[in-house]
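Data first, discussion second: the structure below is written as structure tokens.
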Amino acid sequence: MFNYPKMICKLITTTINIVKVFSLFIPISFIIYSCAASEELSFQRGMESMEDERYLTAITYFDEAIVQSPANPELYFQRGNAKLMLEDYNSAIDDYSRAIVLDSSAAKYFINRGLTHTSAENYKTAIQDYNEAVRLDSTDAQIYFNLAYAYEMLNEYDTALSDYSMAINFDSSNSKYFVNRGNLHSFLGNSNEAISDFSKAIELDPDDKIAYQGRGDEYTIIGKFKNAIQDFSKAIEFELEDMNVYYSRAEAKLGMGEYLSAAVDYTIIISMDSTDATAFYNRGICYANLDLKNSACSDFVKAGELGLFEAYEIISEYCEAENEKGKKKK
């Protein structure tokens, strides 16, 4: 239930004074009730529409509520949320700004306006909003997380790491905070720190595919291929058709010299995309290491036909050379 704005109350009072002249008291209660109920009903329907992802409909209901209560900041805030979901960033920012003008003490208004600026890639402006939100609520982990992401997009990595750590300090139960900090550590070449963060994320959420994949990448980098294969296999369980993870697992298998098993992964990739020249080329390398020359050359030819012209050099050096050796023996 909202506190209805004074402007509406004055309008109703005026109506009461006029109606009193005619001694019609019963309709007065009806007028007051129907006005308030109309706004609340429109707001409720707007929120229900948001839950159903019917954002245009939600905006229509919030419009109706705003007509009844134009000084209620929550209505502009919710309408801004609907516009944000529709990626109407400029209009959403306008609504959040109106909410802030009416109530500059609500951190969530600054947070969501910052999120909208982030979505529009206005990272410096987003940071200004997030900093204002921190001033209003300095213990909200989500604000620091949002700040970290914005700084990361501006390539201010040290500040980003610091803010991710602040987010974790205030909420160490959110696996996504560890995943994002782990990804940044990975980007900066801090494999051990990244592995630690991904491991913590997995501890908090054993179903976090991104954490398994990220940790697997780091294990591959430091040469722990067996651990990497285990992580990639786990990630595949959550998404069977993610070709990138099959590529990563195949690379780890190659690091262990498991050429046949790696070839199986490339075969799976080819079954999902028969135009993937790299998969044919890499499978050819696996077959070559297994002395399956006919299969290897067939894959190199296919890779070349699909546009990977480096394959023709291998064909010349490996396949044609083998043919020449065969002719000489005869």
(request) Report, by residue number, each residue of region 215-230 that is surrounded by 17 or more Cβ atoms within 10 Å (Cβ to Cβ) and part of a loop (DSSP other than H, G, I, E, B). (result) LYS224
(message) Being part of a helix (DSSP H, G or I) and either of a type in the set (Gly, Ala, Ser) or surrounded by fewer than 21 Cβ atoms within 10 Å (Cβ to Cβ) (or both): is that true of ASN180 here?
(response) no
(request) Please go through region 47-62 and pick out each residue that is within 14 Å of LEU86 (Cβ to Cβ) and in a helix (DSSP H, G or I). (result) SER49, MET50, TYR55, LEU56, THR57, ALA58, ILE59, THR60, PHE62
(request) Just name the residue that is nearest to THR125 (Cα to Cα) out of those in region 63-96 that are in contact (Cβ under 8 Å) with a residue 40 or more places away in the chain and in a helix (DSSP H, G or I). (result) GLU74
(request) Please state which one of GLU305, GLU317 is at pLDDT 95 or above and over 26 Å from ILE221 (Cα atoms). (result) GLU305
(message) Let me confirm something: among ASP231, ASP242, ASP276, ASP265, which residue is of a type in the set (Asp, Glu) and in contact with a Gly (Cβ under 7 Å, 6 or more places away or on another chain)?
(response) ASP231
(message) So if I check each of ARG113, ARG98, which one is among the charged types (D, E, K, R) and surrounded by fewer than 21 Cβ atoms within 10 Å (Cβ to Cβ)?
(response) ARG98
(request) Of the numbered conditions (1) crowded, with 21+ Cβ neighbours inside 10 Å; (2) touching a residue at least 24 places away in the same chain (Cβ under 8 Å), LYS124 fails exactly one; give the number of that condition. (result) (1)
(request) Considering each of GLU237, GLU241 in turn, give the residue that is free of Cβ contacts under 8 Å to residues at least 40 places away in the same chain, part of a loop (DSSP other than H, G, I, E, B) and not assigned by TED's automatic domain parsing to the domain that holds SER298. (result) GLU241
(request) Output the residue which, of all residues in region 265-310 that are in a helix (DSSP H, G or I) and hydroxyl-bearing (Ser, Thr, Tyr), is surrounded by the most Cβ atoms within 10 Å (Cβ to Cβ). (result) TYR266
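The values are calculated or read from the model by the stated rules, or taken from the named source; none is laboratory data. For clarity, every value in this text was computed on a predicted model and none was experimentally measured. Please note: Cβ atoms are built from the backbone with ideal geometry, for glycine as well, and neighbour counts cover all protein chains shown.
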